[in-house]
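Participant: If you scroll down you'll find the structure; I have some questions about it.
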Amino acid sequence: MTGEQFAIFDVDHTITRKSTGRRLVQCGRRSGICSISDLLKVPVLYAKYRRGTLQLDGLTESIDNLAGRTREELSAVARECFKRYITGDVMPGARDLVQAHLSAGEVVIFATSSIDLVIEPLAELLGAHHVIATALEFRDGVATGGVEGEPCLGGEKLRRAARLVASLEGDLNDAVFYSDSHHDEPLMMACGRAVAVNPDKRLRAIARREKWQILEFR
């Protein structure tokens, strides 16, 4: 550790081997909340995400089918997803890295475009202090099929992270950010230190250009 006050982690492919969103859809399919077509859409959406061609409307469109489901229903699916898949998806190297930052007395933040319901138990398991994630929108305890504000991606993730760190009387210059995705370049550039973990092709090129450390976890 190099004495940062804040350690910020993306989650999918940075901490977990698999996409937490895909895992959630798998469990949703088992419980009847998601359809086969929803499951089949996941690889397409993920490929677009990795290429940088996924638009925000495509991301929010993938959760439209949740409209009308209660918070209790969706929370139950998220808990099942966490127990069935996500605990086993955590990469040992990532777990050790989170623990090292915690042992150094740093504030650990998970910042992800994934759904908050499935990330919060992971944060609790690993000891993270705060979660920044895409939050499903509920009215009177029922999902609207939308999200609160914008999905936590790109510039929106940067804005939320900066706001949270400022509320903790800190500065992003005193933060390290770990991510696998070029979508996170805005936040990586804003932090005092950036580390590419299992980077996609575009992020690997950026990391080499910026002379960022590259880690490979499996």
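Just so it is clear, none of the values below were taken in a lab; they were calculated from the coordinates. Just so it is clear, the structure is predicted and the values come from calculations on it, not from any experiment. Cβ: placed from backbone, ideal geometry, glycine included. Neighbour counts: every protein chain shown.
Participant: So what's the projected area for the range 82-159, the Cα convex hull averaged over all directions, in nm²? Intermediate results must be reported in sequence, preceding the final value.
Facilitator: Working: hull surface 25.1 nm².
Projected area, direction-averaged: 6.3 nm².
Participant: For each of Glu210, Glu80, count neighbouring Cβ atoms within 10 Å of the residue's Cβ, then give the residues from fewest to most.
Facilitator: Listed from fewest to most nearby Cβ atoms, that is Glu210, Glu80.
Participant: Assign unit charges at the C-beta atoms only (+1 for Lys and Arg, -1 for Asp and Glu), then state the dipole size of the range 71-173 relative to its Cα centre in Debye, rounded to the nearest 20. Present the calculation step by step, with values, prior to reporting the outcome.
Facilitator: Working: 10 positive and 16 negative charges, 30 e Å.
The dipole of the range 71-173 has a size of about 140 debye.
Participant: Taking neighbour Cβ counts within 10 Å as the exposure measure, how do Lys157, Lys83 sort from fewest upward? Can you show the working numbers first?
Facilitator: Details: Lys157 26, Lys83 12.
Taking fewest neighbouring Cβ atoms as first place, the list is Lys83, Lys157.
Participant: Relative contact order for the range 91-149: what is it in percent, counting Cα pairs under 8 Å that are at least 6 residues apart?
Facilitator: Relative CO of the range 91-149 lands at 28 percent.
Participant: Please sort 113-122, 128-137 by packing, taking for each peptide the average over its residues of neighbouring beta carbons within 10 angstrom, highest first.
Facilitator: Per-residue Cβ counts within 10 Å, averaged per peptide and sorted highest first, yield 113-122, 128-137.
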